[in-house]
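One structure is given here, and the rest of the page talks about it.
Taken together, the values in this text are just the output of simple stated rules run on the coordinates, not laboratory data. Predicted model only: the values in this text are computed from it and were never measured. With ideal geometry, Cβ positions are generated from the backbone for all residues, glycine too; neighbour counts draw on all protein chains shown.
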Amino acid sequence: ISVDGQSRLTIGGYTASSDFPQVEPLAFQEPMPDDTVAGFVSLIAPSISGPAGLLFSTFFGGPGYTIVTAVAPDPAGNLAVAGYTTSNAFPETDGSIKGSPQGADSGFLMVIQPANVPTTQDRPATAPARHPSAGRPRGPV
């Protein structure tokens with residue numbers, strides 16, 4: 001879990017749910033196969049009540065399991081996501097760097113750019129100034 005400059009929560013983890021809530025899902029993600037554990041990332045605005053507070057939510061992975069171990073938002077609204085997967089069909093986009101799997105688990109680092117989500121740079125000019133590292137996890141991602 002990470003908190004950004006607008007007190008929004010970015011949560012990452014894994015799910016086997018067949019009805020995981022998605023808001024602005026990743027375009028390249030296929031439907032989750034049976035017997036799959038998918039990684040997920042969700043962006044939540046606690047100040048907005050009800051379903052509207054879920055600003056962004058998606059899952060990703062392929063056959064096998066995908067586990068998200070770290071998430072970090074940046075001021076531009078991008079979400080850095082790290083974890084590991086056993087899937088030999090992990091979704092990729094053009095320009096991806098892919099090495100040879102080194103054993104049963106392969107690590108990944110990806111950046112998600114959610115559409116239609118206000119960035120921390122969009123906050124009103126009257127918002128209090130924050131240190132650039134506020135809300136970011138300490139240590140490696």
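With the alpha-carbon atoms of region 1-116 aligned to their principal axes, the span from lowest to highest coordinate is 42, 29, 23 Å, starting with the largest. Assuming R0 = 30 Å, what is the FRET efficiency of Val3 and Asp105, from their Cβ-Cβ distance, to the nearest 0.05? Calculated transfer efficiency: 0.60. Only Cα sites of region 1-53 enter the Debye sum here, all with the same form factor; the resulting log10 I(q)/I(0) across q = 0.18, 0.19 1/Å is -0.69, -0.76, listed in q order.
What's the magnitude of the charge dipole for region 1-94 around its Cα centre, counting Lys and Arg as +1 and Asp and Glu as -1 at the beta-carbon? Answer in Debye, nearest 20. All intermediate terms of the calculation are to be shown ahead of the outcome.
Working: 1 positive and 9 negative charges, 66 e Å.
Computed about the Cα centre, the dipole is about 320 debye.
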